[in-house]
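One structure is given here, and the rest of the page talks about it.
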Amino acid sequence: MLKQLNNYIKPITYLACILECAWQLVACSPHSPSDGLTHSYQTRGASLPLQHNVEGQKLVDVAGKSVMPEQTPLPEERDVLTNQEKVMVGRYMATISCQDPIAHCDVGQQGSVEYIINLMDDGSVFRLIKSFGKVYADTRITQNYQHARWKVITEDQKKYVVVYLNEHLCLYYLIDHKRNIVMDSQRNYEINRDFFEHGHPYTLKNYYLLRVSN
């Protein structure tokens with residue numbers, strides 16, 4: 001009878017072992033749906049903060065641009081002219097040979113150019129060198145044009161128009177009794193020696209600039 005009981009218990013024990021192993025295999029499977037969902041969420045979630053920051057940065061940039069005030073242009077410089085300066089406002093011209101370096105002619109060019117100084121009523125000034133419609137120099141296109149100024153001074157009982165084309169170049173023109181102007185070339189060379197010695201053209205001739213109507 002004991003032998004019959006053992007024969008009955010052994011199959012049950014084997015069946016229990018098989019069921020337990022099967023359960024463990026299912027529990028340890030790497031293809032669990034919940035694990036896959038968690039992995040997918042974590043993977044996508046890792047990129048979300050980066051995407052959010054990028055989008056956030058774009059929104060900040062756009063918002064910043066939309067509220068930036070427009071820049072107001074700087075007011076033009078205007079000087080209050082004295083009475084003796086007001087009568088000197090105008091255009092003055094001399095004819096200069098292409099042989100002179102300040103004519104700015106092309107290499108080998110013959111003939112002459114019109115050398116023009118324009119004294120404006122707002123205290124600004126510009127120099128123009130041209131010939132037959134071709135412009136060789138125009139200080140209005142230089143970087144420091146807006147700072148080019150002129151004024152009338154008195155020295156040794158003589159009146160001069162002083163032209164400040166830039167911080168390195170100051171030119172004196174003597175005013176004659178007809179209110180035309182004459183280059184004081186020797187003086188100009190002395191006070192601008194450093195500027196000219198760096199290769200900028202100069203002249204030692206005292207050109208007479210006649211006031212013209214247009």
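Please treat every number below as a calculation from the coordinates, not as lab data. No experiment lies behind these values; they were computed from the predicted model shown. With ideal geometry, Cβ positions are generated from the backbone for all residues, glycine too; neighbour counts draw on all protein chains shown.
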Please list, in order along segment 105-110, the HN-Hα scalar couplings obtained from phi with the Karplus expression 6.51 cos²θ - 1.76 cosθ + 1.60 (θ = phi - 60°), rounded to whole Hz, x for Gly and Pro. 6, 5, 4, x, 6, 9
Give a residue-ordered list of calculated ³J(HN,Hα) values for segment 119-125 (Karplus: 6.51 cos²θ - 1.76 cosθ + 1.60, θ = phi - 60°; whole Hz; x for Gly, Pro). 9, 8, 6, 9, x, 7, 8
Assign one of three labels to segment 83-212, namely rounded, prolate or oblate, based on the Cα gyration tensor with a ≥ b ≥ c the square roots of its eigenvalues; rounded applies when a/c is under 1.5, prolate when it is not and a/b is larger than b/c, and oblate otherwise. rounded
The answer for Cys98, listing residues at least 5 apart or on another chain whose modeled amide H is closer than 5 Å to its amide H, is Gly111, Ser112, Val113
Contour minus Cα-Cα distance for Tyr189 and Lys159 (0.36 nm per residue): 8.9 nm
Applying a 10 Å radius around every beta-carbon, put 127-134, 80-87 in order of their mean neighbour count, most first. 127-134, 80-87
Taking θ as phi - 60°, what are the ³J(HN,Hα) couplings along segment 149-162 by the Karplus curve (6.51, -1.76, 1.60), each to the nearest whole Hz, with x for Gly and Pro? 10, 9, 7, 9, 10, 10, 9, 6, 6, 10, 9, 10, 8, 10
